[in-house]
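The values are calculated or read from the model by the stated rules, or taken from the named source; none is laboratory data. Bear in mind that the values here come from a model prediction, so they are computed numbers and not experimental data. Using ideal geometry, Cβ is built from the backbone for each residue, glycine included, and neighbour counts are taken over all protein chains shown. Each accessible area value is taken on the protein alone, full model and side chains, heavy atoms only, with ligands, DNA and RNA left out. Shrake-Rupley method; radii C 1.70, N 1.55, O 1.52, S 1.80 Å.
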Amino acid sequence: ALALALSGCGEAEGERRSAFVPTPAPDFVGIDAWLNSEPLSIAALRGRVVLIEFWTYRCINCLNTLPHVVAWDRKYRDRGLVTIGIHTPETDEERATAQVRAAMERLGIDFPVALDNGYRTWDRYGNIAWPATYVVDRKGRIVHRRYGEGEYARTEAVIAAALAETAH
C-alpha cells in the first residue's frame, strides 16, 4: 500500500512524475528553540510516522497549507502521527519567538515547532521552498516530499499508508 501511495510523490512543479525513492531523514540541527515540546530527534522518533512542515508565518502559501497540516495532526495523532513544524523565517522580523508563538496560537498549532532561524535544518533537508511537507516513515526514511501548495489528498494518502505499515 505504501509503495502505491508513494508513486509519483515529491516532484516539484514541472518535474516528470516518477517513483519517489525513500531516503534517510536528517536530524534537526541548529534549532534556536522548541515550542510546545522538548527537543526532538529523528532517532528518538524512529518507529513513529513523522510529518514535517517547513513554514513561516507570513508566507501566504504556508497559511494556505497549514490548515491541512493541523487537520492531519488532529486526525492522525492518536494513530501515531507526530507532526513537527520547522519555522524558518523569510525575513528578520519572523525570527522573533514571540511573533511565532502568536502566529501558532492564531493558527491553532499545538504540535511541536522548531525555530530554525539559521536555516541549518532547512539546509540539512536540502529544502528549497516554503511551504515544504515531508513524511518520514517508521524506519526513519523520507517517503514523501511536497514543495508548495496542493496535492493534499496525495499527502494524506501517504500519511495513512505509512501509519498502516509496521516497522521492521
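Numbers at a glance
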quantity	calculated
Over segment 75-168, relative contact order from alpha-carbon pairs under 8 Å, at least 6 apart, %	23 percent
Additional length obtainable on full extension of the chain from residue 165 to residue 44, 0.36 nm per residue less Cα span	41.7 nm
For the chain, the longest site-free run once trypsin sites (Lys or Arg not before Pro) in DSSP loop states with at most 10 other Cβ atoms within 10 Å are removed	18-168
Label point distance in nm, residue 123-residue 95, each placed 7 Å from Cα along Cα→Cβ	1.5 nm
Shape category assigned to segment 31-102 from the gyration tensor of Cα positions, a/c cut at 1.5	oblate
Quotient of C-alpha Rg and 2.2 N^0.38 Å, computed over the chain	0.96
DSSP beta bridges in segment 48-168 [antiparallel fraction, %, rounded to 5]	50 percent
Shape category assigned to segment 99-143 from the gyration tensor of Cα positions, a/c cut at 1.5	oblate
Rel. contact order, % - alpha carbon contacts under 8 angstrom, at least six apart, the chain	35 percent
Estimated inter-spin distance, residue 74 and residue 152, nm [label 7 Å along Cα→Cβ]	1.2 nm
Rounded to the nearest 10 Å², the accessible area of residue 55 at probe 1.4 Å	0 Å²
Tail weight of P(r) past 15 Å, computed on alpha-carbon pairs of segment 79-168, percent	65 percent
Nearest 10 degrees, 0 to 90: helix 97-107 Cα axis against the chain principal axis	60 degrees
